[in-house]
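*Asks:* Take this structure, written in structure tokens, and hold onto it; I'll ask about it next.
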Protein chains: 2
Amino acid sequence: MEQTLSAIAPILGIIGLTVSFLVLAALIRKPQGTEEMQDLSNQIHEGAMVFLRREYSILSIFVAVVFLLLFWQLGIATALAFLGGALCSLTAGYIGMQAATRANVRTAEAARTEGAGGALQVAFSGGVVMGLAVASLGLIGVGIAFLFLGKDVSTVGAISGFAMGASSIALFARVGGGIYTKTADVGADLVGKIEAGIPEDDPRNPGVIADLVGDNVGDTAGMGADIFESYVGSIIATIALAATAQAGSVIAGLGATSSMMLLPIFMVMLGLVASFVGIGSMKFLKNMHPASALRYSTFVGAALFLVFAWFGVGSLGVTQGVFWAILSGTVVGIMIGLVTEYYTAGAPIRRIAKASETGAATNIITGLAVGLESCAFPVLFIAIAIFVANEAAGLYGIGISAVGMLATVGITMSVDAYGPISDNAGGISEMAGLGPEVRKITDRLDAVGNTTAALGKGFAIGSAALTALALFAAYNSAVSQNLLQKGLPMLDIRLLNPMIMIGLLLGAILPFAAASMTMTSVGKAAFEMINEIRRQFREIPGLLEGKEGVKPDAARCVDISTQAALKQMIAPGLLAVISPVLVGFILGPAALCGMLAGATITGVMLALMMSNGGGAWDNAKKWIEEGNLGGKGSEAHHAAVVGDTVGDPFKDTSGPSMNILIKLMSVVSLVIAPLL
Amino acid sequence: MEQTLSAIAPILGIIGLTVSFLVLAALIRKPQGTEEMQDLSNQIHEGAMVFLRREYSILSIFVAVVFLLLFWQLGIATALAFLGGALCSLTAGYIGMQAATRANVRTAEAARTEGAGGALQVAFSGGVVMGLAVASLGLIGVGIAFLFLGKDVSTVGAISGFAMGASSIALFARVGGGIYTKTADVGADLVGKIEAGIPEDDPRNPGVIADLVGDNVGDTAGMGADIFESYVGSIIATIALAATAQAGSVIAGLGATSSMMLLPIFMVMLGLVASFVGIGSMKFLKNMHPASALRYSTFVGAALFLVFAWFGVGSLGVTQGVFWAILSGTVVGIMIGLVTEYYTAGAPIRRIAKASETGAATNIITGLAVGLESCAFPVLFIAIAIFVANEAAGLYGIGISAVGMLATVGITMSVDAYGPISDNAGGISEMAGLGPEVRKITDRLDAVGNTTAALGKGFAIGSAALTALALFAAYNSAVSQNLLQKGLPMLDIRLLNPMIMIGLLLGAILPFAAASMTMTSVGKAAFEMINEIRRQFREIPGLLEGKEGVKPDAARCVDISTQAALKQMIAPGLLAVISPVLVGFILGPAALCGMLAGATITGVMLALMMSNGGGAWDNAKKWIEEGNLGGKGSEAHHAAVVGDTVGDPFKDTSGPSMNILIKLMSVVSLVIAPLL
């Protein structure tokens, strides 16, 4: 059975990818609307593709250099796995971008001609292309790697190269995309909304096209690479834990090593099938309220997966205890999502809005306080998941609980990716002047996207913490195994070992430094963008007045974002790849162990604080814009816009980078473990 | 010799305290200036004393309850030590406050009649009262406790009760004082400077008296309790490390246990003597530039202490290696101070100022980025100190290096406390209308205070990290000893133990939660304060126009600050005391161990980020006010004021609380260790 299963995995992946392409083909056949809409859509598509091309050519250098280094030090298997991971990640981002930049205009058109139900269908099918592509490419890649390397415990370590490829591309894509989108967003908003007093997405604003491109490169391509990375990271961490624990200390009594290694792959196969059903259920749910439809389709997928998993665990001859670890992951993911929803849509946003009445300073103080506060429960839940997973199945349980969170990525990612598509559709309908009725539909879809995204975010952060810990445990097992083989004494990883203390402190520096770098990049680039938009309003006669035929120079703004993103993504990416290598070789494997723990803890805290704080600022502004506390144009609104602007790089650039950073550091450590 | 030394310690402390009183007596005899000045000074003094009285009556309940609990569970020795620590801390705060609220008006008068040199002398002598009181009370308290409990390794554990008393009072005082001062500051600045457009410390502003009281209760009494806590914490952590390591694993080959226990006390005795000389050297340095005078007097004290320490270490029969640990502490303290100075006075503040040109949002983004960035080098230096100290003298070295940083607290605290006195003198001279010449002198003294304070801050944060680690190590030794005696297996504190992972995560929550609570408190109370000041400007006829005889209702503002501080200081304080107890008893000593490590790491990061970020925002605003980028009243200035306001609770409320929080948690754990 094991043999058959591992052969089926890539085949199932190929089926999924085929479905994804069929959905894309059907999507492309949908009507694109007026000439003006098509023109706008082409500008966005072009901008996004130019960015992607230039980003990919820079990344290809990075991939080539690391490939050669890995080949030289660790052999061809690890190097090829790395290459495969990188290529799959790049492909997932590319497919997602193609789908998103096509779905946006078609969603706007559907909203114009068919109303909310039709628009929901189009936007969701754009998301489905991305969701299935991510899940299927992961299954194909990990499946093939496992077919070649998974038969033998001595070669399975090389699979971690695949995760390293996926993680390093993801970090660059997330940081680059995040800088791009927020540079454009901050610039366009500050000058357009506050200084010039024109509405969001107004065609007179030179920064709007860049902002719409940014939604695609940041929220779609960046997020796709991010989720792809989480997905394969959790699978591979669990495989590595099973493989390196051959001494039996980790998985004693759980089952045969080979079954334990196959289990995570089997689980995501079941998850993909469950996702198909979840996606299909949308056909029957489409007449419900969009929020309920998306939510129920997610729940259908998750519930079905849990049923499959219950039987799947038993069928592989693995102890049933492992199922409880999977369940704890799924439940905790949902709980974190609910907390996220509370902090970004509940009472805290009204607290921030209220504080805006006394100005920007009190808005910022309150928003930061909300962000800091919002970490408590999610981290508590993660601690509970660790406890339950460990009780159920030891350290292996921690890995498999992360897999449980992410197995239904096919459906959750579809729901996630639907959000930025609706957002983009709204931008296009505003710029093409489709009228308030159409805008209302897209706004409603967008608002729903924000809420469902909270659930997705819960899974992303929860799984990141668990995956990082699982990778960390796998790293430890790998090093111990290595030391054992060489007859050296075991690693002293007691907290009291000063090298561990030093490692913890050094590790804590990295998320703070990466957050600082990315914030600085957005700050600097936004400064340029603001000055450029101000210049255009000043120097292009008739632009601000909306004179017929006068158009802003949108290309200049697109260029500023592109340049900034490409230049500034390099340093944080290299930081994450190089620091574990330096610490590992200079201070030794124990200090590196401390460093991973330190980075994971502070990274999770910062990720939660920044994501939730940023979301809360955003929605506090929206709440005021709905007419509360004086509504648009009031003093409170001005203050809330400042908060939202600060929150932008928090939630879309720095915060999401943290998740990838901690996993990338762990996976790099796991890959270099045999050398330490 | 050991017998004699431990008997001399409290005597030296009493001598120091006597000198402190003599300086205070001399200070009180100085002229107090015009009737108006005396009236203002009395208002400030009264406000501060009312706050202190009410704060102390609340704290007395806390002290009584904890005293009884400790007596019940751990016996009279620990309970009495706790009481002693709490009383000494309260006394130190009280003396400092008496000195500061007397020195402020006399400094203003000296600036008016004698010029800069005279004013420097008066302000500095106010600081000396505080500096000597802190050092002497510490020596008296720890000295007496050691005389009774230090003869026997089995009773010495009770001394940690003294540190717990000092730390818990310090946390309440810091948080309460911090909320008080920033509520008043934020409120007075936002309405006065931005909305009403009147200068800082203008007598028309109803919040100014509360602001000036705040400088005393926050920057003087709060800081005094803080430094007192650090001082006794580092001494007691080192004693505990020496005592609990009787098995010899920690201090093998370093010297006799009794000498090792006495060494930290001996070092601070030498430090106090060196501080006397440093303080005395001001007599000869007074004609130099104030910044140089203060800096050289600090260096005189530090250098002399190191010479004393070199011989002192040898004379106790302790290995000379311990000296290098002390030296590493002192050097790293200075290095951190220099980094602090760079981030709060160097290029980064111009970066923030520049970003202010595009508004408050970019100012905030850049300031946060600077704060996040500023953690890297200090933490790296702390890691180096740990490495060197551990190489030189094992874990004991980490404790003694913190003692090395703090031994000359007599002089460093004098220099620190001088700052808020000058600030207050400036406020009084503005309100009493002493003219621009006098204000210029006090401003100059104040500016110098900010720079020298950077050095002090370096020592505070560096020593907090090292002390927390030393306490953490002592806790571990105590628990291990306990388990050993009961014949139980040793604690598994390997990073891979899931209980350690859970502890690390739970620990990380606490600094974030405490920061959130204190930020929220300031935000809420400032909101009330702003509305009250707005109300007075609106409802008191002639106030804003400065009509003769119309006075604001300052008492209302003082009351808002007092109420807010007293109410809001309780939760964060209890959080720090209760969480280690809960985790220790429910999840066990290993999880508590992880929790301490998690809290220490994130606490140090947040402390650095908040303190440095806040200082940078403050000085960016000052730099613009000096006439750069458009100067006062420009768009950039408005944005910078927002940044400064956000930075206020960062640097003076939440940031400094972190240092105490992490030590209080560690010392509570150390105290309850015998029960686990």
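*Asks:* Which is without any contact (Cβ under 8 Å) to a residue 24 or more places away in the chain and either open to solvent by 20 Å² or more (accessible area, probe 1.4 Å) or outside any helix (DSSP H, G or I) (or both), of B:LEU327, B:LEU380?
*Replies:* Exactly one residue qualifies, and that residue is B:LEU380.
Quick grid of which residues meet (1) free of Cβ contacts under 8 Å to residues at least 24 places away in the same chain; (2) open to solvent by 10 Å² or more (accessible area, probe 1.4 Å); (3) within 23 Å of the chain's Cα centre (by Cα); (4) closer than 24 Å to B:ALA361 by Cα:
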position	(1), (2), (3), (4)
A:ALA576	no, no, yes, no
A:PRO580	no, no, yes, no
A:VAL583	no, yes, no, no
A:PRO589	no, yes, no, no
A:GLY598	no, no, yes, no
A:LEU606	no, no, yes, yes
A:ASN612	no, no, yes, yes
A:ALA616	no, no, yes, yes
A:GLY627	yes, yes, no, yes
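*Asks:* Quick check on the stretch B:631-676: of everything there that is charged (D, E, K, R) and either under 17 Å from the mean Cα position of the chain (by Cα) or assigned to a helix (DSSP H, G or I) (or both), which residue is surrounded by the fewest Cβ atoms within 10 Å (Cβ to Cβ)?
*Replies:* Among those that are charged (D, E, K, R) and either under 17 Å from the mean Cα position of the chain (by Cα) or assigned to a helix (DSSP H, G or I) (or both), it is B:GLU635.
*Asks:* Just wondering, is there one or more residues in the stretch A:193-205 that are closer than 22 Å to A:GLN568 by Cα and either surrounded by fewer than 24 Cβ atoms within 10 Å (Cβ to Cβ) or of a type in the set (A, V, I, L, M, F, W, C) (or both)?
*Replies:* No, the stretch A:193-205 contains no residue that is closer than 22 Å to A:GLN568 by Cα and either surrounded by fewer than 24 Cβ atoms within 10 Å (Cβ to Cβ) or of a type in the set (A, V, I, L, M, F, W, C) (or both).
*Asks:* Go through A:ILE28, A:ILE14 for me and flag whichever is open to solvent by 60 Å² or more (accessible area, probe 1.4 Å) and within 30 Å of A:PRO206 (Cα to Cα).
*Replies:* Just a single option satisfies the conditions, and that option is A:ILE28.
*Asks:* Does A:VAL403 count as over 20 Å from A:SER125 (Cα atoms) and either of a type in the set (A, V, I, L, M) or under 15 Å from the mean Cα position of the chain (by Cα) (or both)?
*Replies:* Considered against the rule, which asks whether it is over 20 Å from A:SER125 (Cα atoms) and either of a type in the set (A, V, I, L, M) or under 15 Å from the mean Cα position of the chain (by Cα) (or both), A:VAL403 comes out as yes.
Let's see how each residue does on (1) within 12 Å of chain A (Cβ to nearest Cβ); (2) crowded, with 21+ Cβ neighbours inside 10 Å; (3) among the hydrophobic types (A, V, I, L, M, F, W, C):
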site	(1), (2), (3)
B:THR452	no, yes, no
B:LEU469	yes, yes, yes
B:ASN476	yes, yes, no
B:VAL479	yes, yes, yes
B:MET490	yes, no, yes
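*Asks:* Shifting gears a bit: If I filter the stretch A:115-135 for residues that are of a type outside the set (Ser, Thr, Tyr) and more than 25 Å from A:ARG295 (Cβ to Cβ), do I get at least one hit?
*Replies:* no
*Asks:* Moving to a separate point now. Go through the residues of the stretch A:410-431 one by one and say whether even a single one is more than 21 Å from the chain's Cα centre (by Cα), open to solvent by 10 Å² or more (accessible area, probe 1.4 Å) and over 23 Å from A:ARG295 (Cβ atoms).
*Replies:* yes
*Asks:* Moving to a separate point now. Please verify whether B:VAL339 is modelled with pLDDT under 95, out of contact with any Ser or Thr (no Cβ under 6 Å at 6 or more places or on another chain), within 14 Å of chain A (Cβ to nearest Cβ) and closer than 26 Å to B:ILE411 by Cα, treating the condition exactly as stated.
*Replies:* In short, yes.
*Asks:* Follow-up question, since we're still on this one. Every residue in the stretch A:149-197 that is of a type in the set (S, T, N, Q), away from every other protein chain (no Cβ under 14 Å) and over 13 Å from A:ALA77 (Cβ atoms), please.
*Replies:* If the condition is that a residue be of a type in the set (S, T, N, Q), away from every other protein chain (no Cβ under 14 Å) and over 13 Å from A:ALA77 (Cβ atoms), then A:SER167, A:SER168, A:THR181 are the ones that fit.
*Asks:* Can I ask one more? Checking B:ALA515 against (1) on the phi > 0 side of the Ramachandran plot; (2) at the interface with chain A (Cβ under 9 Å from one of its Cβ atoms), which test does it fail?
*Replies:* With respect to (1) on the phi > 0 side of the Ramachandran plot; (2) at the interface with chain A (Cβ under 9 Å from one of its Cβ atoms), B:ALA515 is out only on (1).
*Asks:* Next question. Filter the stretch B:521-540 down to residues that are within 9 Å of chain A (Cβ to nearest Cβ) and surrounded by fewer than 24 Cβ atoms within 10 Å (Cβ to Cβ) and give me whichever is farthest from B:PHE472 (Cα to Cα).
*Replies:* B:ARG534
*Asks:* Based on what the data block shows, is A:GLY458 away from every other protein chain (no Cβ under 13 Å), more than 30 Å from A:PRO203 (Cβ to Cβ) and open to solvent by less than 20 Å² (accessible area, probe 1.4 Å)?
*Replies:* The answer is yes for A:GLY458.
*Asks:* For residues that are over 24 Å from the mean Cα position of the chain (by Cα) and of a type in the set (D, E, K, R), scanning just the stretch A:87-126, find the one that is surrounded by the fewest Cβ atoms within 10 Å (Cβ to Cβ).
*Replies:* A:GLU114
*Asks:* Then there is this: Of the residues B:ILE530, B:ILE560, B:ILE509, only one is closer than 23 Å to A:ALA361 by Cα, β-branched (Val, Ile, Thr) and touching a Leu at 6+ places or on another chain (Cβ under 9 Å); which?
*Replies:* B:ILE530
*Asks:* For the condition over 29 Å from B:ILE382 (Cβ atoms) and hydrophobic (A, V, I, L, M, F, W, C), what is the one hit in A:ILE530, A:ILE601, A:ILE509?
*Replies:* A:ILE530
*Asks:* Among residues belonging to the stretch A:383-399 that are more than 8 Å from chain B (Cβ to nearest Cβ) and open to solvent by less than 10 Å² (accessible area, probe 1.4 Å), point out the one that is nearest to B:THR518 (Cα to Cα).
*Replies:* A:ALA385
*Asks:* So, one more: Which residues, counting only those in the stretch B:292-324, are small (Gly, Ala, Ser), touching a Gly at 6+ places or on another chain (Cβ under 6 Å) and surrounded by 22 or more Cβ atoms within 10 Å (Cβ to Cβ)?
*Replies:* B:SER297, B:GLY301
*Asks:* Take the residues in the stretch B:145-171 that are under 24 Å from the mean Cα position of the chain (by Cα) and open to solvent by 10 Å² or more (accessible area, probe 1.4 Å), then tell me which one is nearest to B:ARG53 (Cα to Cα).
*Replies:* Here the answer is B:MET164.
*Asks:* Might you check whether a residue that is open to solvent by less than 40 Å² (accessible area, probe 1.4 Å) and charged (D, E, K, R) occurs anywhere in the stretch A:43-57?
*Replies:* Checking the stretch A:43-57: at least one residue is open to solvent by less than 40 Å² (accessible area, probe 1.4 Å) and charged (D, E, K, R).
*Asks:* Here's something else I'd like to know. Pick from A:LEU661, A:LEU606: which is more than 12 Å from chain B (Cβ to nearest Cβ) and within 25 Å of B:ALA597 (Cβ to Cβ)?
*Replies:* Only one candidate qualifies: A:LEU661.
*Asks:* Additional query: Taking the residues in the stretch A:353-377 that are more than 7 Å from chain B (Cβ to nearest Cβ) and over 26 Å from the mean Cα position of the chain (by Cα) as candidates, determine which candidate is most open to solvent (accessible area, probe 1.4 Å).
*Replies:* A:LYS354
*Asks:* Still on this structure, please answer the following. It is to be established whether one or more residues within the stretch B:53-64 are out of contact with any strand residue (DSSP E or B) (no Cβ under 8 Å at 6 or more places or on another chain), over 23 Å from B:GLY177 (Cα atoms), in a helix (DSSP H, G or I) and touching a residue at least 60 places away in the same chain (Cβ under 8 Å).
*Replies:* no
The values are calculated or read from the model by the stated rules, or taken from the named source; none is laboratory data. Quick caveat, the model's predicted, so the values are computed rather than measured. For neighbour counting, all protein chains shown are included, and Cβ atoms are generated from backbone atoms with ideal geometry for every residue, glycine included. Calculation scope for accessible area: heavy atoms of the full protein, side chains included, ligands and nucleic acids excluded. Shrake-Rupley method; radii C 1.70, N 1.55, O 1.52, S 1.80 Å.
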